[in-house]
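Visitor: Dropping the structure in here first, questions after.
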Amino acid sequence: MTVAKPSARPAQPAAACRVCGGTVSAFLDLGRQPLSDAFRKPDETAQEFSFPLVVGNCRDCSMTQLLHEVPRERMFHAEYPYRSSGSTTMTAHFTAVAERFLAHELGGADPFIVEIGSNDGVMLRTVAAAGVRHLGVDPSSGVGLTAQHGGVRVRDDFFQESTARDIAATEGRADVIYAANTFCHIPYVDSIFAGIDALLRPDGIFVFEDPYIGDILDRRSFDQIYDEHFYFFSATSVRAMARNFGFELVDVERLEVHGGEVRYTLARPGRRRADARVAALLDAEAHRGLAGPEPYERFAREVYAIREDLRTLLTGLREQGVRVVGYGATAKSATVNNFCGIGPDLVETVYDTTPEKQGRLTPGTHIPVAPMAGFRADPAPYALLYAWNHETEILAKESAFREAGGRWIRYVPEVRVD
Ligand code: JHZ
Ligand code: SAH
Ligand code: ZN
């Protein structure tokens with residue numbers, strides 16, 4: 001399998017910023033990549049879709065973003081396989097989010113919560129159980145059906161200005177609009193903000209949580225970069241974006257989930273007092289130079305070193321005839337496998353609990369995905385932990401693997417075996 005040269009300059013060095021129209025300067029080219037959540041059946045022979053995965057940073061508003069956009073219908077559709085409830089940690093996280101909204105954010109007589117990207121209903125089912133008016137908006141109708149079975153109301157649609165206007169006209173305005181791991185997936189922010197403006201009550205809040213660029217740089221988690229993740233937010237870039245569209249950043253909370261995220265709260269100007277955490281994070285970002293090119297260029301060098309080390313480790317094990325399997329067929333793993341050239345010759349099987357991924361092949365490099373039972377029934381001496389963001393949960397339930405002499409391979413923040 002061929003891999004791009006470490007010295008490769010991005011095929012396209014610059015593009016126009018999707019937020020401010022300024023100049024996005026590329027800092028890392030991860031090569032041509034498949035759709036990260038397109039797990040094909042073994043007998044599907046049609047040419048796989050691929051696109052150039054290049055990431056850059058806007059010189060003007062400092063928003064980190066992809067240079068190429070994948071059409072949204074290719075990614076999010078009836079067969080979209082990701083299920084938010086596949087992790088008990090994430091399920092507990094979203095139950096707590098819902099409980100907080102229910103306890104603190106619902107002022108009026110007939111409160112209304114809207115979620116963008118409600119997936120299988122992991123957050124809204126707690127709201128539904130409390131009997132509070134709500135609506136999830138999600139174009140992936142397969143996961144939406146699961147949400148509906150859990151008592152959640154879902155509109156099978158992409159959220160955008162027209163959707164928001166229609167909801168406001170038929171159901172009234174919302175107290176809270178929430179989006180977890182979804183806003184960073186949507187390039188067309190102008191339409192999103194116009195929709196938020198149409199749908200949010202005057203004192204309402206727009207809350208979103210997404211991977212934090214500061215953590216991605218610190219943890220070298222280059223696998224957060226894939227088709228679905230269009231933006232990589234910081235307090236600096238989110239504040240500039242919010243201002244540009246008539247909103248104010250009033251809170252930021254660091255979260256440990258998914259390898260480090262920030263929850264941002266936006267309100268209409270003057271409606272909420274900004275928490276001191278906003279200024280503190282802005283200061284910290286200025287201090288570490290997040291607006292300049294240096295941290296991104298260093299990150300790109302570190303990512304090439306990880307690829308080198310991971311390939312050396314895996315090819316060495318193959319030469320010794322040692323078996324390696326993968327744990328968690330994550331969307332993130334598409335970037336790792338395709339950037340590092342990891343196919344079934346280096347990782348024989350990837351185990352995953354998601355029925356919609358099992359019996360299929362990983363995108364691009366075609367490693368078979370199998371049900372988790374096989375991980376225990378036919379243990380390999382090495383397991384590559386693709387779902388490293390769920391490490392605490394996974395290591396707790398897989399303690400037998402380590403006790404039997406099995407070893408975990410990690411690739412962020414560096415390649416490590418233990
Ligand atoms: P996980 C997806 O990313 C795509 P992925 C998306 N773009 C995004 O931002 C995040 O989700 C939110 C499996 N698993 O959460 C389930 C086990 O097999 O890291 C999943 O297939 N056993 C919307 O896919 C995968 O691993 C387990 O014990 O990178 C985890 O995927 C656990 C905990 C998970 O997100
Ligand atoms: N909020 C969940 C789901 C994240 S998966 C969680 O944090 O785990 C991202 C979801 O966003 C998918 O279900 C996808 O179908 C949905 N999505 C993508 N683009 C969207 C858009 N424009 N409007 C609404 N939902 C969208
Ligand atoms: Zn910009």
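The values are calculated or read from the model by the stated rules, or taken from the named source; none is laboratory data. Treat the numbers as computed from the prediction; the structure is a model and nothing was measured. Virtual Cβ from ideal backbone geometry, glycine too; neighbours counted across all protein chains shown. We work out accessible area using only protein heavy atoms, side chains counted, and drop any ligands, DNA or RNA first. Shrake-Rupley method; radii C 1.70, N 1.55, O 1.52, S 1.80 Å.
Visitor: How much of the DSSP bridge set in the chain is antiparallel, in percent, rounded to the nearest 5? Numbers along the way, then the final one.
Guide: Numbers: 32 of 60 bridges.
Bridges in the chain are about 55 percent antiparallel.
Visitor: Using only the alpha carbons of the chain, what is the convex hull's orientation-averaged projected area in square nanometres?
Guide: Details: hull surface 79.2 nm².
Value for the chain: 19.8 nm².
Visitor: Considering only the stretch 130-263, what is the antiparallel percent among its DSSP beta bridges, to the nearest 5?
Guide: Bridges in the stretch 130-263 are about 40 percent antiparallel.
Visitor: Counting only protein heavy atoms and using a 1.4 Å probe, what share of the accessible area of the chain belongs to carbon plus sulfur, as a whole percent?
Guide: 51 percent
Visitor: Right, something else. Within the chain, what is the number of lysine pairs with alpha carbons under 25 Å apart, leaving out pairs fewer than eight places apart on the same chain?
Guide: Within the chain, the lysine pair count is 6.
Visitor: Say a paramagnetic label sat at a point 7 Å from the Cα of Glu348, along Cα to Cβ; which residues of the stretch 372-387 have their backbone N under 17 Å from it?
Guide: 372-385
Visitor: Of the beta bridges DSSP finds with both residues in the stretch 52-191, what % are antiparallel, to the nearest 5?
Guide: The answer is about 25 percent antiparallel.
Visitor: What is the extension gain from Phe51 to Ala129, computed as 0.36 nm multiplied by their sequence separation minus the C-alpha to C-alpha distance, in nm to one decimal?
Guide: On the way: separation 78, 0.36 × 78 = 28.08 nm, distance 4.17 nm.
Computed gain between Phe51 and Ala129 is 23.9 nm.
Visitor: So what is the accessible area of the chain per residue, in Å², with the probe set to 1.4 Å?
Guide: 40 Å²
Visitor: Moving on. How about the stretch 35-79: which GluC sites (Glu not before Pro) there lie in a loop by DSSP and see at most 11 other Cβ atoms within 10 Å?
Guide: Those that pass, being in a loop and sparsely packed, are Glu44.
Visitor: For the stretch 350-417, state which GluC sites (Glu not before Pro) are in a DSSP loop and have at most 15 other beta carbons lying within 10 Å of their beta carbon. Don't jump to the answer; show the numbers that get you there.
Guide: Numbers: sites: Glu356, Glu391, Glu393, Glu398, Glu403, Glu414; in loops: Glu356, Glu398, Glu414.
Answer by residue number: Glu414.
Visitor: A further question on this structure: Subtracting the Cα-Cα distance from 0.36 nm times the residue separation, let me have the gained length for Arg273 to Arg407 in nm, one decimal. Present the calculation step by step, with values, prior to reporting the outcome.
Guide: Numbers: separation 134, 0.36 × 134 = 48.24 nm, distance 4.95 nm.
Difference between extended and current length: 43.3 nm.
Visitor: Which GluC sites (Glu not before Pro) in the stretch 196-295 pass both tests, a DSSP loop state and at most 15 other beta-carbon atoms within 10 Å?
Guide: Within the stretch 196-295, the qualifying GluC sites (Glu not before Pro) (loop, at most 15 other Cβ atoms within 10 Å) are Glu256.
Visitor: Quick one, what does Rg over Rh come out to for the stretch 34-178 if you take C-alpha atoms and the Kirkwood Rh?
Guide: 1.03
Visitor: Okay, next question. Which three extents, in angstrom, do the Cα atoms of the stretch 198-336 have along their principal axes, listed largest first?
Guide: 65, 31, 22
Visitor: Just to confirm the number: angle between the C-alpha axis of helix 235-244 and the first principal axis of the chain, 0 to 90 degrees, nearest 10?
Guide: The angle comes out near 40 degrees.
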